[in-house]
1. Working carefully through the options Arg15, Arg38, find the one that is in contact (Cβ under 8 Å) with a residue 40 or more places away in the chain and touching an Asp or Glu at 6+ places or on another chain (Cβ under 8 Å).
2. Identify, by number, the condition in (1) polar (S, T, N, Q); (2) out of contact with any Phe, Trp or Tyr (no Cβ under 6 Å at 6 or more places or on another chain); (3) buried (at least 16 other Cβ atoms within 10 Å of the Cβ) that Ser50 doesn't meet.
3. Across segment 57-75, what is the total count of residues that are touching a residue at least 24 places away in the same chain (Cβ under 8 Å) and either within 18 Å of Leu109 (Cβ to Cβ) or of a type in the set (Val, Ile, Thr) (or both)?
4. Those residues that are hydrophobic (A, V, I, L, M, F, W, C) and under 10 Å from the mean Cα position of the chain (by Cα), I need them from segment 93-106; list them, please.
Amino acid sequence: MSRIPDKVRKALHKRAEINDFPCCEICGTPYANNAHHRRGQGQGGPNTLSNLMLLCGSGTTGCHGYVTSHPAAAVRNGWTIQGTEEEPWQVAVWYRRQGKFNLYDDGSLVPSDLEGEVA
């Protein structure tokens with residue numbers, strides 16, 4: 001497992017900020033500090049902003065625990081990416097219940113035209 005570069009971690013925290021606090025990119029809980037790889041590193045997932053989300057909890061608690069324990073819902077909502085056919089920036093995520101967005105490596109969030117509901 002490789003360490004997330006400081007520059008990428010700082011940009012991840014910046015993208016997740018609400019009122020100057022890093023917040024969970026799924027639920028908005030303040031002080032989130034757990035980087036989640038949408039495509040796992042074991043499947044070749046890179047340490048890039050498009051592949052990372054800042055989540056509350058750990059692998060067993062909070063939103064990170066939810067993603068871990070509900071893999072089908074995590075895939076449906078773009079929080080987890082299976083396979084290698086699509087690049088992370090191509091897979092939209094449900095973001096803070098505001099709708100679906102594509103995450104880009106420059107730190108931007110772009111609304112997606114995909115429909116669906118968070119499960």
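1. Arg15
2. Unmet for Ser50, out of (1) polar (S, T, N, Q); (2) out of contact with any Phe, Trp or Tyr (no Cβ under 6 Å at 6 or more places or on another chain); (3) buried (at least 16 other Cβ atoms within 10 Å of the Cβ): (2).
3. Adding up the residues that qualify gives 2.
4. Within segment 93-106, Val93, Trp94, Leu103 qualify.
Bear in mind these aren't lab numbers, they're just calculated from the coordinates by the rules spelled out. All values reported here derive from a predicted model rather than from experimental measurement. Quick reminder, even Gly has a Cβ in these numbers, built from the backbone with ideal geometry, and neighbours come from all protein chains shown.
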